[in-house]
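Read the structure below first, then the notes.
The values are calculated or read from the model by the stated rules, or taken from the named source; none is laboratory data. This structure is a prediction, so every number in the text was calculated from the model and none was measured. Cβ placement follows ideal geometry from the backbone for every residue including glycine, while neighbour counts extend to all protein chains displayed. Note: areas computed on protein heavy atoms with side chains; ligands, DNA, RNA excluded. Shrake-Rupley method; radii C 1.70, N 1.55, O 1.52, S 1.80 Å.
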Amino acid sequence: MRLSVIGCGYLGAVHAAAMASIGHEVVGIDVDANKIASLSRGEAPFFEPGLQEILTEGIASGRLSFTTDVAAAAGATVHFVGVGTPQQAGGYAADLTYVNAAIDSLLPHLAPGDVVAGKSTVPVGTAADLARRVSGTGATLVWNPEFLREGWAVQDTIDPDRLVVGVPAGAEGEHAAETLREVYHPAVAKGTPFIVTDYATAELVKVSANAFLATKISFINAMAEIAEVTGADVTQLADAIGHDARIGRKFLGAGIGFGGGCLPKDIRAFSARAEELGRGESVNFLREVDAINLRRRERAVQLVVDALDGAVFGKKVAVLGAAFKPHSDDVRDSPALDVAVRLHGLGAHVVVTDPQAIDNARRLHPQLAYEADRDAAIRDADAVIMVTEWDEYRRELSPAHASSLTHGRVVVDGRNGLDAAAWRDAGWSYYGMGRP
Ligand code: UGA
């Protein structure tokens, strides 16, 4: 099938390459000429495991191309829209500028029977508005939210755990759903749940899934706060409650909390939309989820300050990690980088290292010092803080090796990912999040 993908960011570029990898003919379209030039050369413009391979393969096969010219969408049967919906400047709501612009630019190139499949995360009610605009062309709008995780994006796109499509009522909607079943044929054939629903439900499935995940993380971080004043260990607590299959251990990792381009802005946009709908109180808890999350960054900073006897001014602090999570170079709303910035603000000599995210981090926070080499970053440090649980830090950095490099013996584990006993045995003062 011929497909177009409007927006070639973390979502769209992966979607375009993944759809080509399962046999479709795909054109990826973006207004950013640099991004398109890099994708056209077959170079992934960001780090995402597996993307480079399917990009190279797609371009070599002739099935995958990229352009800045939206007219190239003409002739495609399905047009995916995967542009960003960032948090509005000065508010909590989602900024729909890019979604509206993408749809407007697409309208002249749509033909009757085409399907426009929105993938961006939008406030509930957006699809119904956009459908009115698309309907004049004879094309059908559907909402097909995306659940991919950065770092696993290729696998999550090709082999998702569920597919959700919000369609209009009647034969037109049924036909559009059928078209999407064809697009996702390999996943559908292996029995992946394929849920056909209305627009509002599809939009809400996406935001409620992210709200639930954020709530789960803040729940365990709230328990970490209680553990801190009672001497309990939140990691053992998470293991113990996680054995209850109704609760489950996943997303009960206490630490410096969630960040990235999705969870923080999605829960805020959800709150803002619920207020507009007169149901603000239904999701008031999300404000608490946000507040708990942000407190944990401050807590990590405080642990460093306390460990260095109340003063970090002039002390060297090595910050292990800048990405919002491992296997990603994304630093959007990264808790790791926020901790580094706060320590820098207190006068510490902060040196940040990360296997993938240094370039992005430097663009955002040029005031920090960066060191690509992990060992150079920790050399002569008074304290080390691990804030992104890359294997390079969690598994591969032995306390004995670290001891041979650093000045001090203070380690703060912002992700509760280090072996506390091993670090203590090697003579380090180990501080976890919500652990004695
Ligand atoms: C999230 C969702 O997990 C995806 O399902 C969704 O499709 C995506 O947002 C999106 O809306 O596009 P992602 O932002 O890639 O995916 O990251 P997550 O794996 O959800 O992690 C988010 C943050 O939570 C990270 O900063 C991570 O370090 C943190 N986290 C995660 C914890 O602090 N504790 C945990 O136990 C798990």
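Structure notes:
- Applying the set (1) open to solvent by less than 20 Å² (accessible area, probe 1.4 Å); (2) of a type outside the set (S, T, N, Q); (3) within 12 Å of the ligand (Cβ to nearest atom); (4) closer than 28 Å to Asp330 by Cα to Leu286 leaves exactly one unmet item: (3).
- Residue that is surrounded by the fewest Cβ atoms within 10 Å (Cβ to Cβ) [pool: residues in the range 151-177 that are of a type in the set (Asp, Glu) and either closer than 14 Å to Met19 by Cα or within 16 Å of the ligand (Cβ to nearest atom) (or both)]: Asp161
- When the residues of the range 318-330 are filtered to those that are part of a loop (DSSP other than H, G, I, E, B) and more than 10 Å from the ligand (Cβ to nearest atom), the one that is surrounded by the most Cβ atoms within 10 Å (Cβ to Cβ) is Ala322.
- Within the range 331-350, residues that are farther than 19 Å from Arg415 by Cα and within 16 Å of the ligand (Cβ to nearest atom) reach no partner that is among the polar types (S, T, N, Q) and part of a loop (DSSP other than H, G, I, E, B) with beta carbons closer than 8 Å at six or more positions or on different chains.
- Cross-chain or 6+ apart pairs with Cβ under 7 Å, the range 175-199 first and within 18 Å of Ser120 (Cβ to Cβ), then surrounded by fewer than 17 Cβ atoms within 10 Å (Cβ to Cβ): Val183/Met1; Tyr199/Ala128
- Here Lys190 meets each of (1) farther than 30 Å from Asp114 by Cα; (2) surrounded by fewer than 18 Cβ atoms within 10 Å (Cβ to Cβ); (3) of a type in the set (Lys, Arg) with one exception, condition (1).
- Scanning the range 215-228 for residues that are away from the ligand (no atom under 12 Å from the Cβ) and open to solvent by 60 Å² or more (accessible area, probe 1.4 Å) yields a single hit, Ile226.
- Only one of Leu148, Leu180, Leu141 that is more than 16 Å from the ligand (Cβ to nearest atom), assigned by TED's automatic domain parsing to the domain that holds Ser21 and closer than 30 Å to Glu276 by Cα: Leu141
To keep it simple, each residue is scored yes or no on (1) buried (at least 20 other Cβ atoms within 10 Å of the Cβ); (2) within 13 Å of the ligand (Cβ to nearest atom); (3) touching a residue at least 24 places away in the same chain (Cβ under 8 Å).
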{"site": "Thr230", "(1), (2), (3)": "no, no, no"}
{"site": "Asp239", "(1), (2), (3)": "no, yes, no"}
{"site": "His243", "(1), (2), (3)": "no, no, no"}
{"site": "Gly259", "(1), (2), (3)": "yes, yes, yes"}
{"site": "Asp266", "(1), (2), (3)": "yes, yes, yes"}
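- Within the range 389-436, being in contact with a strand residue (DSSP E or B) (Cβ under 7 Å, 6 or more places away or on another chain) and among the aromatic types (Phe, Trp, Tyr) holds for Tyr393, Trp423, Trp428, Tyr430, Tyr431.
- Considering residues of the range 293-317 that are more than 21 Å from Gln87 (Cβ to Cβ) and open to solvent by less than 10 Å² (accessible area, probe 1.4 Å) only, the residue farthest from the ligand (Cβ to nearest atom): Val312
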